[in-house]
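The next block holds one structure in the form of structure tokens; read it before the comments.
Bear in mind these aren't lab numbers, they're just calculated from the coordinates by the rules spelled out. Model, not experiment: these values are computed from the prediction. No Cβ is skipped: glycine too gets one built from the backbone with ideal geometry, and neighbour counts run over all protein chains shown.
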Amino acid sequence: MNKKTTDLMKMNYKAAAYKSKKSNKKETIRTKHGGDGENEKDLKPRSPVVTLMGHVDHGKTSLLDYIRKTNIIAGEFGGITQHVGAYNVKFKNGKSITFLDTPGHEAFTAMRARGTKITDIVIIVIATDENVMPQTKEAISHAQGAKVPIIFALNKIDKVNSDPMKIKRKLSEMNFLLKEWGGNYPSQDISAKSGEGVDQLLEKILLEAKKLNLRANPNKPAEGTVIEASLEKERGYTTTILIQGGTLKVGDYLVAGTFHGKVKLILNERGKYLKKEYPSKPVIILGLNGPPFPGEKFKVFLNEKEAKQFVENKIKLKKEHKFRFQRKPQITLEQMTKKIKKLKLIIKADVDGSVEALSDSLENLSTDKIVVQIIYKNIGLISESDILLAVASNAILIGFNVKITSKAKILANQKKIDIRFYSVIYNAINAIKKALYAQKIIPTKLVGTAKVINCFKHKKIGTIAGCLILTGQIKRNYKLRLIRKGQLIYSGELNSLKRFKEDVKEVNKGYECGIVIKNFNDIKIGDIIELY
């Protein structure tokens, strides 16, 4: 990194910070959001920031709507702004809670993958007339990865077929023992429709927040996180932000990501105009010259010149960082075992039986030096959500008899995520076992793809696949995966490679060839062969 550029950035950061009235005090602590060191006496209590997560149709939106409509301080609920990603609820006792209405745990984890912590507490909403669904398990994994307290809201207790005990038993089987059963996780039976239990849920949120001792310094320029941004015809760029420290005022010059501008307008979620706002409060601002990405940090600067200079330096550093680290993977199986004592894995398989068998077998490989931890397991294709969880948690992805979606594949390549595909359980176990004992493993690297355009049966050899090389090249010593209609059918080795009945060592892109797969003959026209 360019030393001159780095020094200039530090100077700009220092210029942006107001001097505290009691700056002569040397004792400093860190805020819960992990910001710069703050003077102990400058910190004031702040509201908790809460995110609701869970399966589709389990009642997240209904619960949020009920809480908004019963906001006894805000007044009439006809003025609620509908498309806002965050809002603040105030109570008679002066306490308040900020709720984040995120599109889903993918967005939640995408922010965390950028190094942004936006929430203090996560509420997992589960419908008691259904079950702990796959998306619920996924949401729990993402909340655990963020290392924030979890409260379970067991919803729809007003339904005739509601069975809260079934949900509690299922959670206990997943090692989430609720407090009422002697565990560590708070829970509350609720009905988002009638409001039963909602007040008790809010009390438990405030109790959990009290334990966290959440504080921030309001006496400095504002800083925080972008929740969402959009372009409106009449207003221009509108940005919803969460203030995590300092006080934001109309007229402040703000930088968010690589965009900047003077704050022309501050609105709360109900459309009320504000002159200023404090930590833990969400607001909508107008004035930026572009839409920053959700999860980007924002910061107030003393003037336009310093802000623009900071943005220019940031763009330069981004380009330099991309150039320097574009070839480096985030983490690989080999690096993981060398660097830390915990090997984190994400498992995606074709059926539940395979998921359980594989996860149990891999966890049993834990040694005195390295513990194998399955942070998430489920059936189905490897998705973008799985990649984001791997990024945020520094985990290795194991795909067992499954394929990766095209979008997830692009994201995995961008983030340099190590993904291992297997079709035989013993191969997966042996690969992890070798890694744990620090033996050399050859990383999976896709080097070529071929499409089966014809098949020939041979009495002695077996099935010969007539193929067209689509990408890269094929060599005889490569290993392969056979993909049919997006599903992994077989993983193995080449038995022979031919061109016009002659054995060859390699075949390049655009040419046709004959491929024989070792110990496998169930090849069909249209199959894709991936070589690595």
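Between residue 461 and residue 424, the C-beta separation translates, for a Förster distance of 22 Å, into a calculated FRET efficiency of about 0.45. Shown in residue order for region 169-186 are the 3J(HN,Hα) couplings computed by the Karplus curve 6.51 cos²θ - 1.76 cosθ + 1.60 at θ = phi - 60°: 5, 5, 5, 5, 5, 8, 6, 10, 7, 6, 4, 5, 9, x, x, 10, 9, x Hz (x for Gly and Pro). Put simply, when 394-400, 302-308, 238-244 are sorted by average Cβ atoms within 10 angstrom per residue, most first, you get 238-244, 394-400, 302-308. Label positions at residue 170 and residue 503, each projected 7 Å from the Cα along the C-beta direction, are separated by 5.7 nm. Other residues with beta-carbon under 13 Å from the beta-carbon of residue 494 carry, at +1 per Lys or Arg and -1 per Asp or Glu, a net charge of +3.
Most tightly packed first, judged by the mean number of other beta-carbon atoms within 10 Å of their residues, the peptides 504-514, 221-231, 418-428 read 221-231, 418-428, 504-514. For the cross-link pairs 457/479; 275/305; 434/498; 299/415, the ones whose C-alpha atoms lie over 32 Å apart are 434/498. Can you find, among 150, 201, 191, the residue sitting farthest towards the positive end of the charge dipole of region 135-203, where Lys and Arg contribute +1 and Asp and Glu -1 at Cβ? Towards the positive end, the residue furthest out is 150. Peptides 271-281, 52-62, ordered by how many other C-beta atoms sit within 10 Å of their residues on average, highest first, read 52-62, 271-281. Between the alpha-carbon centres of region 292-318 and region 217-231 there is a gap of 13 Å.
In this structure, the amide hydrogen of residue 382, modeled 1.01 Å from its nitrogen in the peptide plane, lies closer than 5 angstrom to those of 403, 404, 405, counting only residues at least 5 positions away or on a different chain. Normalised by residue count, region 259-320 yields a Cα convex hull volume of 108 Å³ per residue.
When only alpha carbons are used to place a centre, region 152-180 and region 267-287 end up 37 Å from one another.
The modelled label-to-label distance for the pair residue 181/residue 161, using points 7 Å beyond Cα in the direction of Cβ, is 2.2 nm.
The local environment of residue 251, defined by Cβ-Cβ distances under 14 Å, has a net charge of +2 under the rule Lys, Arg +1 and Asp, Glu -1. First check a/c for region 459-513, with a ≥ b ≥ c the square roots of the eigenvalues of its C-alpha gyration tensor; if it is under 1.5, answer rounded, and if not, answer prolate when a/b is larger than b/c or oblate otherwise. Because a/c hits 1.5 or more and a/b fails to exceed b/c, region 459-513 counts as oblate. For region 387-393, 3J(HN,Hα) computed residue by residue from phi via the Karplus equation (6.51, -1.76, 1.60; θ = phi - 60°) reads 5, 4, 5, 5, 5, 5, 9 Hz, glycine and proline entered as x. Each part gets one Cα centre, and for region 458-532 versus region 358-437 those centres are 26 Å apart.
In order along region 496-501, phi translates into HN-Hα couplings of 7, 9, 10, 10, 6, 6 Hz, rounded to whole numbers, per the Karplus curve 6.51 cos²θ - 1.76 cosθ + 1.60 with θ = phi - 60° and x for Gly and Pro. Between residue 302 and residue 211, the distance separating the two model label sites (each 7 Å from Cα on the Cα→Cβ line) works out to 4.4 nm.
In terms of distances greater than 19 angstrom between alpha carbons, the cross-link table entries 316/409; 459/501; 60/159; 90/210; 69/210 yield 316/409; 69/210. The residue 203 and residue 41 beta-carbon pair, evaluated with R₀ = 35 Å, returns a calculated FRET efficiency of approximately 0.75. Relative to the current alpha-carbon distance between residue 414 and residue 62, full extension at 0.36 nm per residue lengthens the span by 123.0 nm.
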